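This report concerns only the one structure given below.
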Amino acid sequence: MARMKFLCDAERCIECNGCVTACKNEHEVPWGVNRRRVVTLDDGVPGEKSISVACMHCTDAPCAAVCPVDCFYTTPDGIVLHNKDLCIGCGYCFYACPFGAPQYPQQSAFGVRGKMDKCTFCAGGPDADGSAEEIKKYGRNRIAEGKLPLCAEMCATKALIAGDGDVVADIYRKRVLKRGGRPQTWGWETAYKG
Amino acid sequence: MATNPKDPRARQRRRKRIALWSLVAILAGALLLPLGGYLYVNSVEAAPAQPAGAAAAEQQSNPRANYWRAVREGYEGYTAASGPYTTNVLIQNGGQNWRQVRNGPVAAVLPWVMAAMILGLGMYYVLHGPVKLSSPPSGRSVERWTFNERVLHWYTAVLFILLAITGLSLMLGRALMIPWMGLNAFGAYAGIAIAIHNYLGPLFIVGLILEIAFWVRYAIPKQVDWEWFKAGGGYFGGHAHPSAEKLNAGEKIFVFWLATVVMGIAVSITGIVLDFPNLGFSIQTMQISSIVHGVAAIIYVTIILMHMYLGSIGVNGALDAMTTGRVSAEWAKQHHDLWYQEVGRK
């Protein structure tokens, strides 16, 4: 079985936010909820880098480890999904997640969190594949249709790639080997004096 | 002494002196001149040595690796996305620490303290039984708590019990309740529990603050309280019941100061942080609050378990104080003799 992975190539991402828009549109994500976001490091400074980040579908997922109602599960593809019927909006997964993936729709004047929403790798949730229930709660289930996550499919520079971890790693390795210009190996300048 | 240069003895003395001083000068020069290198290095190369060293340090660590290391340690960037839970940090480290502390010491170890307290109280009851009145009640009684004080106590007590049950369910439910309830039933219960916990919490804080304000005057520690502790409160061995004021030393230190004041205020402040995510607290503040809330709550519940035992089945006649508000004169004399004398004088 494939082990699904996202990979964002920081040398290619141009911070167009196409992945964010594609995700929001495909899944009708509520206002204020970002399943995916682009973070630009050293914005406006030479050497700035942009990275698109969402749920990384960890093997030992911290969200799943701390959830008081145990609503997370990992699919055979290695995709971390959660059951919104169980979620109580306690916020623990947000505390634990290194990537800031869990999001909550604001529900009331008291600031009570709604049920957690996060990237599903376009794989929906525990409801029947493609059912109206599933689309309403988790968005489209593209994996069940044999398609890959829309954010990666939409990426103009193919910075964001998603799919079987082996294939993704292979693509990236070929890129690194073929990339021209100055050698990127650390110590090159010292060894060959420019 | 005037010397004659022609005097051969004087010439000999002079030669000896010259030889001695020459030797001293040669030795001193031999020892000190080699150190002059340091002087040269320090004075001449001090200024340009610094950038060269920095350049060397930079060459020793990979700039690209340093860049991503900074990202790994929570370096902040810019993001166009906006929302209450959207962060401009790619990787926040605190979560993993929070997970380890929360799932380890807080949720898996500390609750055993609570279990030990329940076990200890149960064993004490079985082996020792309740503390009995030493003389039969004569029918005379004294007022211990006014109506308002009792209403305040039970208001806070009922909220405390509800908060404790719902809070402990959320902390320990996954380990203790899901196995027999199942995911769906527990999920439904947890949804109600978190709502009760979040809405009643602020009401509990009101009761807590009023309790502290009304009862702090009875809880000032005095010399007699030290004697009470040294006698173990009269609960162990054949000790005679030590003297106590309206509140005995255990009530003062454990129930009032440690539980109500310290743990109560700790759970209140951290509870507000956790209850109102819309107030804009940082994720680090919420992580620390969650840990403090859990630890303080367990200690609080542990002490209150002891308080509940001693206020009900543990000490005969104690419960009357909080139900009718009056205790028998014999109970007052036995358990709170100094307070009884004070009431008697009035």
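The values are calculated or read from the model by the stated rules, or taken from the named source; none is laboratory data. From a predicted model like this one, the values you see are computed outputs, not experimental measurements. Quick reminder, even Gly has a Cβ in these numbers, built from the backbone with ideal geometry, and neighbours come from all protein chains shown. Ligands, DNA and RNA are excluded from the accessible area calculation, which covers all protein heavy atoms including side chains. Shrake-Rupley method; radii C 1.70, N 1.55, O 1.52, S 1.80 Å.
In whole angstrom, the range A:127-178 maps to an equivalent ellipsoid with semi-axes of 29, 11, 6, each derived as √(5λ) from the alpha carbon gyration tensor and ordered largest first.
With the alpha-carbon atoms of chain B aligned to their principal axes, the span from lowest to highest coordinate is 129, 72, 37 Å, starting with the largest.
In the full protein context, chain B carries 59 Å² of accessible surface per residue, based on a 1.4 Å probe and ignoring ligands, DNA and RNA.
Which of B:TRP98, B:TRP257, B:TRP180 moves most in a GNM of chain B, Cα contacts under 10 Å? Of B:TRP98, B:TRP257, B:TRP180, the most mobile in the Gaussian network model is B:TRP180.
Applying the criteria of a DSSP loop state and at most 15 other Cβ atoms within 10 Å to the GluC sites (Glu not before Pro) of the range A:113-161 yields A:GLU145. Taking every lysine pair in chain B that is 8 or more places apart or spans two chains, those with Cα atoms closer than 27 Å amount to 19.
Once the Cβ-Cβ distance of A:TYR192 and A:THR21 is raised to the sixth power relative to R0 = 35 Å, the FRET efficiency obtained is 0.20.
Placing unit charges on the Cβ atoms of the charged side chains and taking the dipole of chain B about its Cα centre, the candidate lying farthest along the positive direction among B:TYR124, B:HIS335, B:ILE91 is B:ILE91. Between A:ASP170 and B:ASN148, the modelled label-to-label distance comes to 8.1 nm, taking each label 7 Å out from Cα in the direction of the beta carbon.
Please state the shape class of the range B:228-346: rounded when a/c is under 1.5, otherwise prolate if a/b exceeds b/c and oblate if not, all from the C-alpha gyration tensor.
On the way: a/c = 3.06, a/b = 2.49, b/c = 1.23.
It is prolate, given that a/c is not under 1.5 and a/b is the larger ratio.
Report in % the part of the accessible area of the protein assembly as shown that belongs to carbon and sulfur, leaving out ligands and nucleic acids; probe 1.4 Å. The partial results should precede the final answer.
On the way: 19060 of 29440 Å².
Reported share for carbon and sulfur atoms: 65 percent.
Centre-to-centre, using Cα atoms only, the range B:158-217 and the range A:105-161 are separated by 32 Å.
The accessible-area loss of the range B:266-287 on complex formation, taken against its chain alone with a 1.4 Å probe, reaches 20 Å² or more at B:LEU274, B:PHE276, B:PRO277, B:ASN278, B:ILE283, B:MET286.
Annotated for the range A:62-162: lysine pairs at least 8 residues apart or interchain, Cα distance under 25 Å, count 14.
Charged side chains reduced to their Cβ positions (Lys and Arg at +1, Asp and Glu at -1) give the protein assembly as shown a dipole of some 2840 debye around its Cα centre. For a paramagnetic label modelled on B:LEU127 (point 7 Å from Cα along Cα→Cβ), amide N atoms under 12 Å away belong, within the range B:215-258, to B:236-237.
Using Cα pairs under 8 angstrom and six or more residues apart, how large is the relative contact order of chain B, in percent? Kindly include the intermediate steps, with their values, before the conclusion.
Values: 285 pairs, mean separation 80.3, N = 346.
Relative contact order for chain B comes out at 23 percent.
Computed from Cα positions, the angle between helix A:165-178 and the longest principal axis of chain A comes to roughly 20 degrees.
What is the dipole size for the range B:187-331, taken about its Cα centre, with +1 at each Lys and Arg Cβ and -1 at each Asp and Glu Cβ, in debye to the nearest 20? Walk me through the numbers before you get to the answer.
Values: 6 positive and 8 negative charges, 24 e Å.
Rounded to the nearest 20 debye, it is 120 debye.
Computed from the alpha carbon positions, the gyration tensor of the protein assembly as shown leads to an equivalent ellipsoid with semi-axes of 61, 51, 18 Å, biggest first. Projecting the Cα atoms of B:MET181, B:PHE236, A:VAL112 onto the charge dipole of the protein assembly as shown, computed from C-beta unit charges around the Cα centre, puts B:PHE236 farthest toward the positive end.
Under a 5 Å amide H cut-off, with hydrogens placed 1.01 Å from N, A:GLY100 pairs with B:GLN92 among residues at least 5 apart or on other chains. Taken as entire DSSP H runs, the helices of chain B that both span 30 Å or more between Cα atoms along their own long axis and average 1.0 or more on the Kyte-Doolittle scale are B:147-176, B:183-215, B:283-311. Take the accessible area of B alone and of A alone, subtract that of the pair with a 1.4 Å probe, and the total buried over both chains is about 4400 Å². Between the Cα long axis of helix A:18-27 and the first principal axis of chain A there is an angle of about 20°, rounded to the nearest 10. Largest GNM mean-square fluctuation across B:THR156, B:THR87, B:THR302, computed for chain B with C-alpha springs under 10 Å, falls on B:THR87. Collect residues whose amide H, placed 1.01 Å from N in the peptide plane, falls under 5 Å from the amide H of B:ALA81; neighbours closer than 5 in sequence don't count. Hits under the 5 Å cutoff: A:VAL38. The longest stretch of chain A left intact once loop-based chymotrypsin sites (Phe, Trp or Tyr not before Pro) with at most 15 other Cβ atoms within 10 Å are removed from consideration, loops following DSSP, is A:32-109.
Return one quarter of the surface area of the convex hull spanned by the alpha-carbon atoms of chain A, equal to its mean projected area, in nm².
Working: hull surface 53.7 nm².
The directionally averaged projection comes out at 13.4 nm².
Inside 10 Å of the C-beta atoms of A:54-62, what's the mean count of C-beta atoms belonging to other chains?
Details: counts 0, 0, 1, 0, 0, 0, 1, 0, 6.
What the average comes to for A:54-62 is 1.
Placing a label point 7 Å from the Cα of B:TRP68 along the Cα-to-Cβ direction, the residues of the range A:5-45 whose backbone N falls under 12 Å of that point are A:8-11.
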